[in-house]
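See structure below.
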Amino acid sequence: MASVARTIVETMKSVISVNHASGFDLSDGDAVKIGQYFGPSTVAGPFVWVNPESIASSASSPQLGRYTRDLVVTAAGYIGATNDDSESRVVNALDLMHYVWTAVENDVRTTGGTLFATDDIIDVVAVGTAFDGGEMNIAPGMGVFYATFTFTYQTTRGL
């Protein structure tokens, strides 16, 4: 049986990979990866990688044997520019970040969502930034976003 944390990360990848009406097609098998960083030299973009960063547990659940946990998952995305200027790279990265946030938040906050269907997810909070990859010497010619998602969920001890 997969852990709740693993299910969250795998489902996050899945909901990002679905081709929504956002204008971003991340349905290609190489467009979204878990725990694997790949730079612009190997994929043209847009692409996103997700990685579990940390997990914290507390015994604050009102039910004996249940625990509240916070799983922090980072997501980084790369996308080309519509014009060869910094502004275009930043706003395209901002749009891609918004798409990822919306895909994850909509799934968690929808009763029929795949993440929420576990009945364990309480909520998700996201924080992020978008920037010109060339200015940071990370990905010249591309917009980049970096975001953290904190999933709060309840689980039974040992899961």
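Taken together, the values in this text are just the output of simple stated rules run on the coordinates, not laboratory data. Just so it is clear, the model here is predicted, and its values are computed rather than measured. Because the Cβ atoms are built from the backbone with ideal geometry, glycine has one as well, and the counts that use them run over all protein chains shown.
Pulled fully out, how much extra length does the chain show between Ser58 and Ser86, if you take 0.36 nm times their separation in residues and subtract their Cα-Cα distance?
Difference between extended and current length: 5.8 nm.
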How large is ³J(HN,Hα) for each residue in the range 96-107, as worked out from phi by the Karplus curve 6.51 cos²θ - 1.76 cosθ + 1.60 (θ = phi - 60°), to whole Hz, x for Gly and Pro?
-> 5, 4, 4, 4, 5, 4, 4, 4, 6, 4, 4, 5
What is the gain in length, in nm to one decimal, between Thr148 and Val72 on full extension, counting 0.36 nm per residue of separation less the C-alpha to C-alpha distance?
-> 26.7 nm
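Counting other C-beta atoms within 10 Å, which of Leu94, Leu64, Leu26 has the fewest, and how do the rest follow?
Details: Leu94 17, Leu64 7, Leu26 23.
Lowest to highest Cβ neighbour count: Leu64, Leu94, Leu26.
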Protection proxy ranking of 65-71, 87-93 - average other beta-carbon atoms within 10 Å, highest first = 87-93, 65-71
